[in-house]
Amino acid sequence: MSSSTTGAPCPDCLSGYILPGEPSGEMIKAVSSSPEAYLSSKHTKASEGGQKKAIVLLTDVFGLPLVNCKILADAFNERVGVDVYVPDLFKGGPPITMEELQPFHKDLPGEKLTWSEKFWVVVKFITIMPAYLPNRPKYGNIRAEAFIRGLKEEKGYTDIGAIGYENALLSRGVGLKLILPQPTAIATAVCFHLGIAE
């Protein structure tokens, strides 16, 4: 768990890796008001008692181009047995890519960035600001809420669970800010990578 309490990206935000495997779902136009979304439904079981359930996985700042969210969606679909959607919260253009952060990736756990590397991280964040501004949490929240509402209205889901990141680089808060003020929008919420928790 990170010891950051400032809301700034923790060291774990600047590291990571690509999960092994190939996605087994598909890109679809899930709801009319949103861009395409990834759907994992290979292991979906028949609904019981008239309830139609789904999970919405809200991505980190890397969005759909990073394969990890699709592989996670497939794993949730296999284990839980409900449709798992991954909406495109960035309209096809996430603010930053894994390749852009690779120079700041440390090979050893706990290895710290040098002052020079920290300086270049700040420079990198300044250069991505034009891509970040239209994709900041406020707009990610609006897109996520519209997507979940569309699933209920257009696809007939009665129960939707949301899984998201609390502090994922610059997209921090998309999951929690959507979930907490709108408790009726979803039935269950799971938040991972709690960057500002102790």
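Bear in mind these aren't lab numbers, they're just calculated from the coordinates by the rules spelled out. In this text the structure is predicted, and so the values were computed from the model without any measurement. As a convention, Cβ positions derive from the backbone with ideal geometry for all residues, glycine included, and neighbour counts pool all protein chains shown.
For LYS124, what charge total do you get from the other residues with a beta carbon under 15 Å from its beta carbon, if Lys and Arg give +1 and Asp and Glu give -1?
Around LYS124, the surrounding residues sum to -2.
Take the alpha carbon gyration tensor of region 62-139, find the square roots of its eigenvalues, order them as a ≥ b ≥ c, and report rounded if a/c is under 1.5; if not, report prolate when a/b exceeds b/c, else oblate.
oblate
Rank-order 54-63, 21-30, 121-130 by packing density, defined as the average count of other C-beta atoms within 10 Å over each peptide's residues, highest first.
Peptide ranking by packing, descending: 54-63, 21-30, 121-130.
Would you kindly derive the ³J(HN,Hα) couplings of region 124-136 from the backbone phi angles with the Karplus curve 6.51 cos²θ - 1.76 cosθ + 1.60 (θ = phi - 60°), listing them in order in whole Hz, with x for Gly and Pro?
Going residue by residue, I get 4, 5, 5, 6, 8, 3, x, 7, 6, 3, x, 10, 5 Hz, with x marking Gly and Pro.
Pick out, from PRO134, ASN68, VAL82, the residue whose Cα sits farthest towards the positive end of the charge dipole of region 30-172, with +1 on the Cβ of Lys and Arg and -1 on the Cβ of Asp and Glu.
After comparing all options, I get PRO134.
Could you tell me which of the pairs LYS118/LYS138; LYS52/LYS91; LYS52/LYS155; LYS45/LYS152 are separated by over 21 angstrom between their Cα atoms in the structure shown?
LYS118/LYS138; LYS52/LYS91
Out of residues 5 or more away from VAL190 or on other chains, whose amide H comes under 5 Å of its own, with H placed 1.01 Å from N in the peptide plane?
ALA162, ILE163, GLY164
Say R0 is 22 Å: what FRET efficiency, to the nearest 0.05, do ALA75 and ALA187 get from their beta-carbon distance?
0.65
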